[in-house]
Each structure stands twice: as structure tokens, then as C-alpha cells.
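K.L.:
A single structure is presented below for examination.
The values are calculated or read from the model by the stated rules, or taken from the named source; none is laboratory data. For clarity, every value in this text was computed on a predicted model and none was experimentally measured. Reconstructed Cβ throughout: ideal geometry from the backbone, glycine too, with neighbour counts over all protein chains shown.
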Amino acid sequence: MEWLNYHHLKYFWTVAKEGGLRAAAEKLNVSQPSICAQVKSLEESLGESLLRRQGRGLVLTETGHLVFGYADEIFSLGMELASAVKQTPTLRRLRLNVGISDSFPKLLSYQLIKPLLEAKPPVLLICREGKNEDLLGQLATHRLDIVLMDEPAPAALKFKAFNHELGNCGVSFCVHRKLAKTMKGAFPKCLDRAPALLPAQTSNVRRSLDKWFQAVRVQPEVIAEFEDAALTKVVATGGMGFIVVPTVVEREAVERYGFKVLGRTHECREYYYAVTAERRMSHPAVVKLTEMAQQSIAW
């Protein structure tokens, strides 16, 4: 068995953490050629490139991201070990890497991770937001422990991913109070010809909404479409149009943004999933997060 050279790993970790060779050289008080040689030796021992040129700088390769994640944990443990030996009081932090889809409601994300921020023993949360395909790629290389999505991971993935449904709920139609004064009629007729800020047409909820609008015979005037639900709410605070939010976060949306609820429907459903690389969840923080989600989201 070939042992990992932790000295080489420390040099690579510092380059990745500091964002470049020059900053790493200053941090370690060594020359840049010396760092280059150490990182090169690590790459040769692993048989993979960890860094690549991009413009005038260096960025991590896919393998580099994987190695950096492990290195981060290794050296964090090393610092804890030193503190323990010196009898410095410390709490062992459980680390959880969470991926959150761009389309996953931000208010719901907050509700789910808040208990982890208050957990004892403490949990160190690393949250990354992005497109589903990017986050699932990070899950495949174990850079993420869990991905929160508003749709299941596709069956055609090149790796095995497991969908754990967290729950589902109806939707609420909200509008800023100054626009609400101009809308006439009872719900849902008040939505007819009203300015609307809706999810992108590629989303599941938008397709469901379009069918519902047709069924109740209303035709809103769509003035903008968004992939980012948080941006939709910000625009709506200017009274530009009504929006649709998951009913599970309706109360918080009203309190935080000052919206008025026009009405609700259970015929349009929002579904939420936790996607993991293992069939049976074993990470304690992942288990806690999913348990809290299933209690919070109305079925």
C-alpha cells in the first residue's frame, strides 16, 4: 500500500484554500517553484491532475475538488487533535455538505437547515447552490452529502442516486398590498388579465399552473418568468405582479415581504426531494434534516 504524503497534500490544500500559488507561497513562507514541485509530486502519486490553468490563474479539476474536500477534513481534524492535546476546550463539529437547487424555495431551505445551525453537538454546514446537473455531479464525487431539489433526480444518471421524498404541498397566490388594491373580483377570477411573475416554463410547477389556469378559465398577463424564486419575490415587492409560493412557506413570505394572500389551490402541487448517493441515509445530520423536513412540509 502506498502511503499518502501529507506534506504534499498540505501544499496543495493551501494553494486551493488561498486561491493561487503566490498567496500560498506567502502563507507557507516558501518559494512558488517549491510549491509547484510538491503539488506535482502529489498529482503523480495519485495519478490525476488536481489543478489546471484558466487565464492567468489556477482552478481545481474535478478530482482536485474531491481531494480538497478530504484535505479540508484531514487538516481540520489535525487542528482539533492539537487542541485536544493542549487540553483546549473544543466541540467536535459534524460536517455536512448540502447542495441546494436554484429552484428550491429559499424560505423552505432556511426552515430545513435552521435546526442544524442550533444543533448540539454543533454541525458545520457547507451550503452550495446551483443547477441540478452540477450539484448531482458533486454528489457523485462525494463533494456533497445531500442535494435538495424540487424534482427527483433523473433515472438516466451515470451513477446511482436515491430520491427521498420529503413531502409536497399546494401553492398560494400572493401579491404586494398596493397591487392588491387594483385587483377586482374573488379568487381565482381576480387573476384574470392580472400581471404575473411566474416560474420558468421548464419547471414542473409552471406546467401545473398553466393547466390550472386553463381549468379555472383565467388568463394572467405574464410579464416575467424566473428560475430563481428569491428574485421573483424581490421583484414582486415592487408591486409588479402576483407570484406563486409553496403554501408551506406562505406565512413567512407574508411576514417577510409584506404580501397579501389572494388564494390557494391544492390542485397544483410542489414536490420536494432529498437526493443522496446511498439508499439508506447514515449521516446523522442528513437524517435529522430529512426528519425535520417531513414534519415541516404538509403532505
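K.L.:
Filter region 168-184 down to residues that are over 28 Å from Ser296 (Cβ atoms) and not hydrophobic (A, V, I, L, M, F, W, C) and give me whichever is nearest to the chain's Cα centre (by Cα).
P.N.:
Selected residue: Lys178.
Residues checked against (1) under 28 Å from Ala229 (Cβ atoms); (2) surrounded by 13 or more Cβ atoms within 10 Å (Cβ to Cβ); (3) among the hydroxyl-bearing types (Ser, Thr, Tyr):
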| site | (1), (2), (3) |
| --- | --- |
| Phe75 | no, yes, no |
| Leu116 | yes, yes, no |
| Ala119 | yes, yes, no |
| Gly130 | yes, yes, no |
| Leu157 | yes, yes, no |
| Lys160 | no, no, no |
| His164 | yes, yes, no |
| Leu179 | yes, yes, no |
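K.L.:
Continuing with this model, one more query. Within region 250-271, which residues are over 18 Å from the mean Cα position of the chain (by Cα) and not in a helix (DSSP H, G or I)?
P.N.:
Within region 250-271, Gly258, Phe259, Lys260, Val261, Leu262, Gly263, Arg264, Thr265, His266, Glu267, Cys268, Arg269 meet the criteria.
K.L.:
Still on this structure, I have one more. Just to check your reading of the model, which residue among Val234, Val245 is within 23 Å of Gly185 (Cα to Cα) and hydrophobic (A, V, I, L, M, F, W, C)?
P.N.:
It is Val245.
Condition check ((1) modelled with pLDDT of 90 or more; (2) buried (at least 17 other Cβ atoms within 10 Å of the Cβ); (3) in contact with an Asp or Glu (Cβ under 7 Å, 6 or more places away or on another chain)) across all residues:
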position: Met1; (1), (2), (3): no, no, no
position: Asn5; (1), (2), (3): no, no, no
position: His8; (1), (2), (3): yes, yes, no
position: Thr14; (1), (2), (3): yes, yes, no
position: Gly19; (1), (2), (3): no, no, no
position: Ser31; (1), (2), (3): yes, no, no
position: Val39; (1), (2), (3): yes, yes, no
position: Gly55; (1), (2), (3): no, no, no
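K.L.:
Taking region 288-299, which residues are buried (at least 16 other Cβ atoms within 10 Å of the Cβ) and either in contact with a Lys or Arg (Cβ under 9 Å, 6 or more places away or on another chain) or not hydrophobic (A, V, I, L, M, F, W, C) (or both)?
P.N.:
Lys288, Thr290, Met292, Ser296, listed by residue number.
K.L.:
Can you find a residue that is more than 22 Å from the chain's Cα centre (by Cα), exposed (fewer than 14 other Cβ atoms within 10 Å of the Cβ) and either part of a helix (DSSP H, G or I) or acidic (Asp, Glu) (or both) anywhere in region 227-244?
P.N.:
no
K.L.:
Within region 272-287, work out how many residues are buried (at least 18 other Cβ atoms within 10 Å of the Cβ) and assigned to a helix (DSSP H, G or I).
P.N.:
Total satisfying the criteria: 2.
K.L.:
So is Leu197 modelled with pLDDT of 95 or more and touching a helix residue (DSSP H, G or I) at 6+ places or on another chain (Cβ under 7 Å) or not?
P.N.:
Spelling it out, Leu197 is indeed modelled with pLDDT of 95 or more and touching a helix residue (DSSP H, G or I) at 6+ places or on another chain (Cβ under 7 Å).
K.L.:
Quick one: which of Ala285, Ala293, Ala236, Ala274 is more than 27 Å from Val123 (Cα to Cα) and touching a strand residue (DSSP E or B) at 6+ places or on another chain (Cβ under 7 Å)?
P.N.:
Within the list Ala285, Ala293, Ala236, Ala274, the selection yields Ala236.
K.L.:
Just wondering, is there one or more residues in region 185-203 that are surrounded by fewer than 18 Cβ atoms within 10 Å (Cβ to Cβ), over 20 Å from Lys260 (Cα atoms) and not aliphatic (A, V, I, L, M)?
P.N.:
Within region 185-203, one or more residues are surrounded by fewer than 18 Cβ atoms within 10 Å (Cβ to Cβ), over 20 Å from Lys260 (Cα atoms) and not aliphatic (A, V, I, L, M).
K.L.:
Quick one: which residue in Lys27, Lys40 is within 19 Å of Ile74 (Cα to Cα), in the same structural domain as Ser76 (by TED's automatic domain parsing), of a type outside the set (Phe, Trp, Tyr) and not in a loop (DSSP other than H, G, I, E, B)?
P.N.:
Only one candidate passes the filter, namely Lys27.
K.L.:
Let me ask another. Sort out which residues of region 254-282 are of a type in the set (Gly, Ala, Ser) and without any contact (Cβ under 8 Å) to a residue 40 or more places away in the chain, and write them in order of number.
P.N.:
Across region 254-282, the qualifying residue is only Ser282.
K.L.:
Still on this structure, please answer the following. If Gln294 satisfies all but one of (1) assigned to a helix (DSSP H, G or I); (2) farther than 16 Å from Leu148 by Cα, what's the number of the condition it fails?
P.N.:
Condition not satisfied by Gln294: (2).
K.L.:
Let me ask another. Name the pairs: first residue in region 6-32 and among the small types (Gly, Ala, Ser), second residue loosely packed, with under 14 Cβ neighbours inside 10 Å, Cβ to Cβ under 6 Å, at least 6 apart or on different chains?
P.N.:
Correct list of pairs: Gly20/Gly57.
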